[in-house]
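Undergrad: One structure is given below, represented as structure tokens, and several questions about it will come after.
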Amino acid sequence: MEDTIAAIATSVGVSAINIIKVSGSKAIEITNSIFKGKDLSKVNPFTINYGFIMENEEKIDEVLVSVFKAPKSYTGEDVIEINTHGGIACTNKILELLLTHGCRLAQPGEFLKRAFLNGKRDLLEAESISDLIEAKTSKARKMAMQGATGELSKMIKELREKLVTIISNIEVNIDYPEYDDAIVYTNELLDKNILEIKESLSKILEESEKGKIIKDGINVGIVGKPNVGKSSLLNRLLNEEKAIVTDIEGTTRDIVEGKIVINGITLNLIDTAGIRETDNLVEQIGVNKSKEIIEKADLIVAMFDSSRKLSEEDKEIIESIKDKKTITLINKTDLKQEIDLSMFKKEDIIEISIKNDEGINKLLDKIKEKFNLNEIDTSDYTYLSNSRQISIVKNCVSLSEEIYEANKNKVEVDLIQIDIQRLWEMLGELIGITYKEEFIDEMFKRFCLGK
Ligand SMILES: Nc1nc2c(ncn2[C@@H]2O[C@H](COP(=O)(O)OP(=O)(O)OP(=O)(O)O)[C@@H](O)[C@H]2O)c(=O)[nH]1
Ligand SMILES: [Mg+2]
């Protein structure tokens, strides 16, 4: 039999009320043994009961105890929620009493894991709950809420149903070729069905990439050679003196980060060490980090100094970012212009002067334009938002493309059926219908205690 688990569900600190959750077949019995009030084993389920938590004859706290009976509870098991008065000592004492009376301390995410294993939540919903807890902007919160209420799961389930219909029809054709009233699945008939599924999957993928932006924000790497004004830009955007600014080349040695929110989307701004050849070990490590940022960032803001001619270093930087989404900033336009701009496309560059506070809004507008931030709206889309989900959908999209192509090339329908079945399984993995034990353990451990 599963252990009965307990944990404090609220963040422990001084607050008016804390909640302790208990779940498992002995939840009611164990709580009853430390509760003075009505007999909890006899009260109606879904009631809130007033009383005291007792240690022998001593009243520990005046509490409200909610009783939920399996299977109609959050975890699908018997669940008790004890509302205690806030205060670390009091809440901890009650938890301790539950543990000494037979509960085990829940692991992080264990309540949600049980909800999942008992079919109360599917994997997408569970992951969205984690996103909901971590949501930092209101757009991220709205998006997570849609996931948590199962909108996306519904779409995936519908796609799986369509696949099952196709699979079963093909099976009938193979097993009972003499059946007159079964639809004979030809390549022509499959074509329309597969196309529809392929397009739905591509749409989910496309929207999910936006979802990732909503949830994690956009990582913006500010790069350039030393002294072009990268740290000055970071400070200006953050409106604080976060990074050290001097006229000495190589001032920034490590990455400096800060966040701003535009159109409800978080920009993770990353100021980097100026890229140049150097013998200084510390600076060299910084330069290597800058190069890593170039690889990882969603957007590169490449800065150049308008008052100096383009150097070899500048050219190397231009070369290293040529495949990245980039905005080119020509800074220090308040000084006499020496830079030759002919190697940039005019429409790609933004001229700014941080000193005179000119051009900053043009930069922000360009970012909005590059990521269509004015069009991102959580109410219109149902997003997948984490990399596990996105990578599965990517695989599903490419498999659906293969199936579509094979079908176009008149590969026998019963051979195509194997891949259709695989697609159906992959979508099952996405919502957690088919899953690996270790994956589930890992996934739920990422939740906070008491969830
Ligand atoms: N005239 C002028 N000076 C600027 C402008 N922006 C920055 N500076 C100056 O340029 C110098 C270098 O600025 P930083 O922001 O430290 O440059 P950086 O790119 O971070 O340099 P490293 O950290 O060494 O790579 C400082 O003296 C700034 O005050 C500008 O728009 N006009
Ligand atoms: Mg700097």
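Undergrad: Using the Cα centre as the reference, give the magnitude of the dipole from point charges on the C-beta atoms of the chain (Lys, Arg: +1; Asp, Glu: -1; all else neutral), rounded to the nearest 20 debye.
TA: 1380
Undergrad: Place a point 7 Å from the Cα of ALA89 along the Cα-to-Cβ direction; which residues of the range 48-69 have their backbone N under 13 Å from it?
TA: Under 13 Å, as judged by backbone N against the label point of ALA89, lie 60-61 of the range 48-69.
Undergrad: Taking Rh as the Kirkwood radius computed over C-alpha pairs, what is the Stokes-Einstein D of the chain at 4 °C in a medium of viscosity 1.567 mPa s, expressed in µm² per second?
TA: Result for D is 49 µm²/s.
Undergrad: Considering the dipole of the range 1-154 built from charges on the beta carbon (Lys and Arg +1, Asp and Glu -1) around the Cα centre, which of LEU123, SER11, VAL63 is farthest to its positive end?
TA: Farthest along the dipole direction, towards plus: LEU123.
Undergrad: Quick one: pull the percentage of alpha-carbon pairs in the range 71-123 with a separation above 19 Å.
TA: 40
Undergrad: Find which of GLY211, LEU399, LEU190 sits farthest along the positive direction of the dipole of the chain, computed with +1 on the beta-carbon of Lys and Arg, -1 on that of Asp and Glu, about the Cα centre.
TA: Final value for the positive-end residue is GLY211.
Undergrad: Can you list residues whose amide H is under 5 Å from ILE260's amide H, if they're 5+ apart or on another chain and H is modeled 1.01 Å from N?
TA: Counting only residues 5 or more places away or on other chains, the set is LEU267, LEU269.
Undergrad: Using amide H atoms built 1.01 Å from N in the peptide plane, name the residues 5+ places from GLY217, or on other chains, whose amide H lies under 5 Å from its own.
TA: THR266
Undergrad: Something else: With +1 on the Cβ of every Lys and Arg and -1 on the Cβ of every Asp and Glu, and nothing else charged, how large is the dipole of the range 5-117 about its Cα centre, in debye rounded to the nearest 20?
TA: Here the size comes out at about 360 debye.
Undergrad: Do you know the relative contact order of the chain, to the nearest whole percent, from alpha carbon pairs under 8 angstrom that are 6+ apart?
TA: RCO, the chain: 17 percent.
Undergrad: Please grab the % of Cα pairs in the range 5-117 that end up more than 25 Å from each other.
TA: 13
Undergrad: For the range 249-369, restrict the atom set to alpha-carbon positions and state the Rg and Dmax in Å.
TA: So, for the range 249-369, Rg and Dmax equal 14.6, 43 Å respectively.
Undergrad: Here's another thing I want to ask about it. Treating only the Cβ atoms of Lys and Arg (+1) and Asp and Glu (-1) as charged, compute the dipole magnitude of the range 216-370 about its Cα centre; round to the nearest 20 debye.
TA: That gives the range 216-370 a dipole magnitude of about 360 debye.
Undergrad: What residues have an amide H closer than 5 Å to that of LYS325, excluding those fewer than 5 places away on the same chain, when H is modeled at 1.01 Å from N in the peptide plane?
TA: ILE300
Undergrad: I would also like to ask the following. For the range 94-151, taking Cα atoms only, what is the radius of gyration to one decimal and the Dmax to the nearest whole Å?
TA: Spelled out, the Cα radius of gyration and Dmax of the range 94-151 are 14.6, 43 Å.
Bear in mind that the values in this text are calculations on the coordinates, not laboratory data. Note that the structure is a prediction, hence the values are computed from the model and not measured. Positions of Cβ are backbone-derived with ideal geometry, glycine not excepted, and every protein chain shown enters the neighbour counts.
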